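One structure is given below, encoded as structure tokens.
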Amino acid sequence: MTPASHAVLAGAPEAELLPGRDLFEVARYLIPLEASLVQGCLVASGIPAVLADAHLMQTDLLLAPALGGVRILVPHAHLQEAQAVLEAFQRGEFALGEDADVGE
């Protein structure tokens, strides 16, 4: 596995412009739930993030590696902010403590 493909599977690909759109891929995950969690962190930080291919991955997780996983897309204007949020997520800054009130 090349370092670039490992980075893609680890959720940190190079930003890539989608043709005809002002959306950039900032992350890719093989597990749809993890992609949804990261998208939620981006949205909560004020970044309009969308998921691509999430439903396709959920139909058959065994095909996820072959299909490339779930992509997280953000507009160009929010690209730097999104990278900062992704780095914060990787550091665990969005983790809830054991004493967190989750509204039970």
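The values are calculated or read from the model by the stated rules, or taken from the named source; none is laboratory data. Quantities reported herein were computed from a predicted structural model and do not represent experimental measurements. Glycine also receives a Cβ, built like all others from the backbone with ideal geometry; neighbour counts cover every protein chain displayed. The accessibility values were calculated without ligands, DNA or RNA, using every heavy atom of the protein model including side chains. Shrake-Rupley method; radii C 1.70, N 1.55, O 1.52, S 1.80 Å.
Within the range 1-36, if we keep just the residues that are open to solvent by 60 Å² or more (accessible area, probe 1.4 Å), under 15 Å from residue 86 (Cβ atoms) and not in a helix (DSSP H, G or I), the residue that is modelled with the highest pLDDT turns out to be 16. Note on the range 29-38: residues that are in contact with a helix residue (DSSP H, G or I) (Cβ under 8 Å, 6 or more places away or on another chain) and within 14 Å of residue 55 (Cα to Cα) total 6. Only residues that are open to solvent by less than 50 Å² (accessible area, probe 1.4 Å) and not small (Gly, Ala, Ser): list them for the range 68-88, please. Across the range 68-88, the qualifying residues are 70, 71, 72, 73, 74, 75, 78, 79, 85, 86.
Scanning the range 37-54 for residues that are in contact with a strand residue (DSSP E or B) (Cβ under 8 Å, 6 or more places away or on another chain), assigned to a loop (DSSP other than H, G, I, E, B) and either aromatic (Phe, Trp, Tyr) or open to solvent by 20 Å² or more (accessible area, probe 1.4 Å) (or both) yields a count of 2. Applying the condition of being under 14 Å from the mean Cα position of the chain (by Cα) and acidic (Asp, Glu) to the range 54-90 and asking which residue is nearest to residue 36 (Cα to Cα) yields 87. Whenever a residue of the range 58-80 is at pLDDT below 90, its partners that are assigned to a helix (DSSP H, G or I), lying with C-beta atoms within less than 6 angstrom and at least six residues away or across chains, give the pairs 58/32; 64/57.
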